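Novice: Take a look at the following structure, please.
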Protein chains: 2
Amino acid sequence: MRGSRVTIKDIARELSISPSTVSRALKDHPDISAQTKIAVNELARKLQYEPNAIALSLKNSFSKTLGLIIPEIVHYFFSSVISGIEDVAYDAGFNVIICQSNESYEREVKNLHTLVSGRVDGLLVSVSKETTNFDHFKHVVDTGIPIVFYDRVCNEILTDRVIVDDADGAFKAVDHLASVGCKKIVHYAASQHLMIGRNRAMGYREAMRKNNLPFTEEMIIRCDSFDCAKKMTENLLKEKNPPDGIFAVNDLTAIGAMLAIKEAGLDIPNDIAVVGFSNGNYATMTQPSLTTVEQHGYDIGKIAINLLLDRLRADHEYEAITRMIRTDLVVRESTKRQLKIDQATSSPGLSGMKQV
Amino acid sequence: MRGSRVTIKDIARELSISPSTVSRALKDHPDISAQTKIAVNELARKLQYEPNAIALSLKNSFSKTLGLIIPEIVHYFFSSVISGIEDVAYDAGFNVIICQSNESYEREVKNLHTLVSGRVDGLLVSVSKETTNFDHFKHVVDTGIPIVFYDRVCNEILTDRVIVDDADGAFKAVDHLASVGCKKIVHYAASQHLMIGRNRAMGYREAMRKNNLPFTEEMIIRCDSFDCAKKMTENLLKEKNPPDGIFAVNDLTAIGAMLAIKEAGLDIPNDIAVVGFSNGNYATMTQPSLTTVEQHGYDIGKIAINLLLDRLRADHEYEAITRMIRTDLVVRESTKRQLKIDQATSSPGLSGMKQV
DNA sequence: CTGAAAGCGCTAACAG
DNA sequence: CTGTTAGCGCTTTCAG
């Protein structure tokens with residue numbers, strides 16, 4: 001029983017016509033008579049004929065399939081990217097094969113091979129944290145399979161890419177902290193060997209400078225997880241001169257910091273204001289809700305796949321395109337400080353932290 | 001340049017030998033001389049030959065590819081299922097194509113067609129919320145492609161399946177609420193036309209009965225989202241006799257309830273204790289942290305794909321297997337009530353809600 | 001209007 | 001030890 005799938009030959013035999021006629025009838029070729037078409041289509045439906053996409057790929061040398069390499073699906077940002085990609089792919093009649101690298105270089109290489117030997121027409125890639133050697137991607141690009149990098153890009157290869165304006169996002173976040181009166185803002189940063197970490201730290205520095213806030217490099221603290229943030233914040237709060245603002249490189253880190261602050265009996269945002277990065281779905285579920293930077297994952301996915309589709313449809317080579325995606329600060333309660341009395345001119349009805 | 005991928009023929013031509021010899025040399029066939037093997041392998045590496053998986057699939061009539069249909073990747077539970085599936089698939093040399101149905105019946109049908117015509121060897125499916133007609137799955141099973149349903153299963157077709165013991169999980173949750181002294185426990189329930197909703201509600205009823213807690217069907221409230229829970233809880237708290245325990249059908253709903261309770265100035269767990277379901281990553285990030293039911297998504301994924309692989313490897317038919325996966329209650333702060341004085345005999349060092 | 005034949009890349013009998 | 005041939009399912013010239 002297994003594998004007993006109906007082929008064009010079966011239909012041909014049943015109808016005592018040739019496979020080529022069946023093929024043509026199925027795709028409504030003008031040469032074929034109306035009756036034959038009807039007969040073929042009816043039988044096809046009856047036998048539940050499904051065209052064999054594999055045979056088609058082999059014949060056409062394109063598979064209408066795109067490969068997607070993603071570090072970790074669990075992250076809200078990445079799942080939104082996937083959704084953006086899928087929605088467009090779906091409409092364009094493309095199939096998407098998703099592979100997780102799990103932030104492992106070895107697995108990324110393996111994924112890439114699987115996809116390439118599966119003859120995907122193109123690739124969408126966000127590189128793993130571990131990856132420092134990009135030869136595997138170079139080889140693929142050399143064979144003519146287009147790659148679009150998104151979010152975590154590879155600068156050593158000239159390809160289309162979609163990047164988040166991390167520096168600007170970080171700048172906005174820190175500038176906002178300054179604007180609500182924070183004087184000593186620390187940054188919980190990601191590893192500085194990744195662009196993301198570097199760019200966000202850069203935005204932090206710029207905003208500090210612009211607001212004439214004194215800072216040292218020690219105020220950029222390597223800490224990018226919930227647990228780390230919790231411990232780190234507990235320690236910071238014990239020091240003589242704790243910060244009054246924290247800009248965390250991602251939401252989970254921000255939430256870890258918030259927990260520690262609340263457990264120390266301090267008030268957010270009035271004692272310490274907190275900003276995250278990503279606008280994951282938990283940002284509205286914390287108390288206070290979290291001010292954070294929206295990265296537009298869904299749009300990034302859409303833009304990335306559109307770049308790829310353009311490249312596939314193009315009949316000539318053209319220069320690599322880089323699209324920088326704007327970020328937006330989403331202000332919530334974790335930075336809505338009660339205005340100091342002498343500044344409080346507007347918003348009479350606001351009772352502290354009740355609005356969202 | 002595009003599609004200029006190296007084939008076995010290219011290697012054969014270059015070396016002036018036949019394609020079959022190349023094929024054999026590449027797979028280390030004993031018939032081939034050592035020199036030929038070396039020459040072939042060297043050239044293959046040099047030209048970066050990648051076997052064409054598509055051609056192989058066509059020849060072998062299996063693709064070493066599995067199809068996965070998942071309602072929505074964003075959910076923590078489903079991403080853990082994916083990880084479980086991928087880890088096993090990876091080791092077994094199988095590729096996984098993931099499709100999201102986005103809880104839409106239409107999309108589920110389309111996904112299924114894509115996967116089937118892409119000649120996947122087997123399918124792992126969790127049905128969409130919308131789906132009430134299962135003919136599309138029946139057809140696929142009829143053609144001999146095995147399906148394993150997980151979590152949201154289809155009872156109309158006899159296939160392998162992996163289900164969560166929702167009723168028991170719910171029972172444990174509510175029984176626990178009763179054991180910490182809750183007397184009026186309400187249940188925020190999912191739609192009762194889904195098994196999940198029904199089973200969890202059933203577990204609730206059973207636990208109420210077992211603990212001799214009076215309840216009416218009005219205490220099972222249709223409410224399964226963060227926003228709904230927030231509003232619903234606000235309303236409940238205004239009533240004369242509010243609940244002292246809430247069992248929510250999922251974590252987000254529980255968190256919505258918690259927010260409303262905290263905003264009303266009440267204490268969790270002492271005024272109202274809350275339990276969720278899923279043990280998503282935010283359960284530890286709320287304040288208080290959330291007691292919830294662990295569903296073991298990763299294990300479910302592993303078990304599901306193992307059932308599928310067994311089925312694929314089997315040389316004979318065998319009866320459909322159903323695996324029921326145990327759930328575990330994870331007790332955190334949202335139910336750690338301060339013991340009443342006359343009961344407080346043990347745990348001297350505990351200061352209320354500090355442990356996790 | 002329809003059929004025969006070749007070929008996409010690879011493998012596996014079957015011959016040498 | 002190596003080559004020839006046929007065929008997986010489908011399309012597409014080229015011939016009728």
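Novice: Between B:ALA283, A:PHE78, B:ILE69, whose Cα lies farthest towards the positive end of the dipole of the protein assembly as shown when Lys and Arg beta carbons carry +1 and Asp and Glu beta carbons carry -1, centred on the Cα centre?
Specialist: Farthest towards the positive end: B:ILE69.
Novice: At 7 angstrom along the Cα-to-beta-carbon line, where would the label on A:GLY265 sit relative to the other copies? Give the distances in nm, shortest first.
Specialist: Output for A:GLY265: 2.1 nm, nearest copy listed first.
Novice: To continue, here is another question. If each of A:LEU15 and B:PHE62 carries a label point 7 Å out from its Cα toward its Cβ, how far apart are those two points in nm?
Specialist: 3.3 nm
Novice: What is the local net charge at B:ARG119, summed over the other residues whose Cβ is closer than 11 Å to its Cβ (Lys, Arg +1; Asp, Glu -1)?
Specialist: Numbers: positive: A:ARG5, B:LYS64; negative: A:GLU50, B:ASP121.
With Lys, Arg at +1 and Asp, Glu at -1, the net is 0.
Novice: Which of these, B:TYR105, B:TYR188, B:TYR150, has the largest mean-square fluctuation under a Gaussian network model of chain B (Cα springs below 10 Å)?
Specialist: It is B:TYR105.
Novice: Just add up the charged neighbours of A:ARG198: K/R +1, D/E -1, any other residue whose Cβ is under 15 Å from the Cβ of A:ARG198.
Specialist: -2
Novice: Right, next: In debye to the nearest 20, how big a dipole does the stretch B:235-276 give about its Cα centre with +1 on each Lys and Arg Cβ and -1 on each Asp and Glu Cβ?
Specialist: The calculation lands at about 100 debye.
Novice: Treat the count of other C-beta atoms within 10 Å as a stand-in for reagent exposure and order A:LEU124, B:LEU309 from fewest to most.
Specialist: Going from sparsest to densest Cβ surroundings: B:LEU309, A:LEU124.
Novice: Farthest toward the dipole's positive end in chain A, which of A:GLY297, A:ILE17, A:VAL186, given Cβ charges of +1 (Lys, Arg) and -1 (Asp, Glu) about the Cα centre?
Specialist: Of the candidates, A:ILE17 comes out farthest on the positive side.
Novice: Hey, what do the phi angles of the stretch A:267-281 turn into as Karplus ³J(HN,Hα) couplings, whole Hz, using 6.51/-1.76/1.60 and θ = phi - 60°, x for Gly and Pro?
Specialist: With the stated coefficients, the stretch A:267-281 comes to 9, 10, x, 5, 7, 9, 9, 10, 10, x, 8, 2, 6, x, 5 Hz.
Novice: Can you compute 3J(HN,Hα) from phi for each residue in the stretch A:101-112, using the Karplus curve 6.51 cos²θ - 1.76 cosθ + 1.60 with θ = phi - 60°, rounded to whole Hz and x for Gly and Pro?
Specialist: So the J values, rounded to whole Hz, are 8, 6, 6, 10, 4, 4, 5, 4, 4, 4, 3, 4.
Novice: Which loop-located trypsin sites (Lys or Arg not before Pro) does the stretch B:205-299 contain, where loop means any DSSP state but H, G, I, E or B and the Cβ has at most 13 other Cβ atoms within 10 Å?
Specialist: In loop regions of the stretch B:205-299 (DSSP not H, G, I, E or B), the sparsely surrounded trypsin sites (Lys or Arg not before Pro) are B:LYS240.
Novice: Compute the label-point distances linking A:PRO30 to its equivalents in the other copies; points lie 7 Å from Cα along Cα→Cβ; give nm, one decimal, shortest first.
Specialist: 6.1
Novice: With unit charges on the beta carbon (Lys/Arg positive, Asp/Glu negative), name the residue among B:SER126, B:ILE145, B:ILE163 whose Cα is farthest towards the positive pole of the charge dipole of the stretch B:115-167.
Specialist: Projecting each Cα onto the dipole axis, the largest value belongs to B:ILE145.
Novice: Let me ask you something else. What Kirkwood radius, in Å to one decimal, follows from the Cα pairs of the stretch B:190-230?
Specialist: This gives a value of 11.1 Å.
Novice: State, in angstrom, two size descriptors of the stretch A:103-245 derived from its alpha carbons: Rg to one decimal place and Dmax to the nearest whole number.
Specialist: Rg and Dmax of the stretch A:103-245, Cα atoms, are 19.3, 61 Å.
Novice: Over the protein assembly as shown, what is the percentage of antiparallel beta bridges among all DSSP beta bridges, to the nearest 5?
Specialist: Values: 6 of 70 bridges.
Bridges in the protein assembly as shown are about 10 percent antiparallel.
Novice: With chain B treated as a Gaussian network of Cα nodes joined by springs under 10 Å, which of B:LEU43, B:LEU290, B:LEU194 yields the largest mean-square fluctuation?
Specialist: B:LEU43
Novice: Here is a follow-up. Where in the stretch A:169-188 does the amide nitrogen come within less than 17 Å of the point 7 Å from the Cα of A:GLU218, taken along Cα to Cβ?
Specialist: Output list for this probe position: A:184-188.
Novice: Under a point-charge model restricted to the Cβ atoms of Lys and Arg (+1) and Asp and Glu (-1), what is the dipole moment magnitude of the protein assembly as shown relative to its Cα centre, in debye to the nearest 20? Intermediate results must be reported in sequence, preceding the final value.
Specialist: Numbers: 84 positive and 90 negative charges, 39 e Å.
The calculated dipole for the protein assembly as shown is roughly 180 debye.
Novice: Follow-up. Of the DSSP beta bridges with both residues in chain A, give the percent that are antiparallel, rounding to the nearest 5.
Specialist: Just about 10 percent of them are antiparallel.
Novice: Based only on the alpha carbon positions, what is the Kirkwood hydrodynamic radius of the stretch A:207-267, in angstrom?
Specialist: 12.1 Å
Novice: What are the distances, in nm and sorted shortest first, from the label point of A:SER18 to the label points of the same position in each other copy, with each label point placed 7 Å from Cα along the Cα-to-Cβ direction?
Specialist: For A:SER18, the other copies' label points sit at 3.0 nm, shortest first.
Novice: Still on this structure: Under the rule a/c < 1.5 gives rounded, and otherwise a/b versus b/c splits prolate from oblate, where does the protein assembly as shown land using the Cα gyration tensor?
Specialist: oblate
Since every read-out is calculated from the coordinates, none of them should be taken as a lab result. Here the structure is a predicted model, which means the values were calculated and not measured. Because the Cβ atoms are built from the backbone with ideal geometry, glycine has one as well, and the counts that use them run over all protein chains shown.
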